[in-house]
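Trainee: If you scroll down you'll find the structure; I have some questions about it.
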Amino acid sequence: MARAAYIHIPFCAHKCDFCDFAAFASLDHLAEEYCQVVQREIKERLAIQPNQERLSSVFYGGGTPGYIDPDLLSGIHRALSDAVALTSDAEVTLETTPRSISREKCLAWQELGINRLSLGVESFDEGELRAMGRDHSGLDALRAIEIARQTGFENIAIDLMYGLPCQTMKSWEQNLETATSAGVPHLSAYALTLGSGSRLL
């Protein structure tokens, strides 16, 4: 039976006000060292794992894995695929934000083996985005989806949040309509949850 792997990349360009995850802004100088440690841990842990099945799913989450240099991600992915084989149809997902996407990055992600993008949109409404401390606009999100599509990504997922400050049923319906019109194949909707470290408390 095939297995799945999750690899956490904790770096972000901006820490959102609702976020209580292990994610950190202004620590970019540690990204290279962190990725080297992850590569080492992959090699050491998988070297002692018996009966290694192939991976059918790899998920790079965070944080914002799409924020760091693609070369750093490439090193991690190479270490993983050297240590344990991936199935021929493995889904390799990268989480990113609208502000972290560029044409150059999308092409680099595809080259290293990423075939699915999970885009943290959360909302297309400008007031809601400001209320939760996001660093992108609704237009930024639509542009990011278009860049991903133009560079060859077909498997694109977006996240939306409900229960946001100042959100109304009308604005939520508009968010859903905008997401549907964008033509992405996968949409995740989840409620705003405030952990103990959230600045919205």
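The values are calculated or read from the model by the stated rules, or taken from the named source; none is laboratory data. What you see is a predicted model; the values in this text were computed from it and never measured. Each accessible area value is taken on the protein alone, full model and side chains, heavy atoms only, with ligands, DNA and RNA left out. Shrake-Rupley method; radii C 1.70, N 1.55, O 1.52, S 1.80 Å.
Trainee: Among SER181, SER123, SER81, which one moves the most in a GNM of the chain with springs linking Cα atoms closer than 10 Å?
Mentor: So, out of SER181, SER123, SER81, the one fluctuating most is SER181.
Trainee: When Rg is the radius of gyration of the Cα atoms in the chain and Rh is its Kirkwood radius, what does Rg/Rh come to?
Mentor: 0.98
Trainee: Sticking with this structure for a sec: Around SER118, which amide H atoms from residues at least 5 apart in sequence, or from another chain, sit under 5 Å from its own amide H, with H modelled in the peptide plane?
Mentor: Answer set, sorted by chain and number: LEU94, GLU95, THR96, ALA157.
Trainee: Karplus couplings for region 130-140 from phi (6.51 cos²θ - 1.76 cosθ + 1.60, θ = phi - 60°), rounded to Hz, Gly and Pro as x?
Mentor: 5, 5, 9, x, 6, 10, 10, 9, x, 5, 4
Trainee: Taking springs between alpha-carbon atoms closer than 10 angstrom, which of ALA191, ALA179, ALA131 fluctuates most in the Gaussian network model of the chain?
Mentor: Maximum among the listed residues: ALA191.
Trainee: How many Å² of accessible area per residue for the chain, probe 1.4 Å?
Mentor: Each residue of the chain exposes 52 Å² on average to a 1.4 Å probe.
Trainee: Rounded to a whole number, what is D in µm²/s for region 1-92 from Stokes-Einstein with the Kirkwood radius over alpha-carbon pairs (4 °C, 1.567 mPa s)?
Mentor: It comes out at roughly 92 µm²/s.
Trainee: Right, next: Could you run the Debye sum over the Cα atoms of region 133-176, one equal point scatterer each and no solvent, and tell me log10 of I(q)/I(0) at q = 0.16, 0.18, 0.20, 0.29 Å⁻¹, two decimals?
Mentor: The computed values of log10 I(q)/I(0) come out as -0.55, -0.67, -0.78, -1.13.
Trainee: When the helix-only estimate is applied to the chain (DSSP H runs of n ≥ 4, each -39,500 (n - 2.57), divided by the residue count), what is the mean residue ellipticity at 222 nm, nearest 500 deg cm²/dmol?
Mentor: -11500 deg cm²/dmol
Trainee: Under 10 Å, Cα contacts only: if you run a Gaussian network model on the chain, which one of GLU95, GLU53, GLU128 comes out with the highest mean-square fluctuation?
Mentor: For the chain, modelled as a Gaussian network with Cα springs under 10 Å, the answer is GLU53.
Trainee: Starting from the amide H of PHE59, placed 1.01 Å from N in the peptide plane, find each other amide H under 5 Å away whose residue is 5 or more places distant or on another chain.
Mentor: Residues meeting the amide H criterion: ALA5, TYR6, ILE7, THR93.
Trainee: Using a 1.4 Å probe on the protein chains only, how many percent of the accessible area of the chain belongs to carbon and sulfur?
Mentor: Solvent-exposed carbon and sulfur of the chain make up 51 percent of the total.
Trainee: For LYS170, list the lysines whose Cα falls under 28 Å from its own Cα; do not include residues on the same chain fewer than 8 positions away.
Mentor: By straight Cα distance, LYS170 reaches LYS15.
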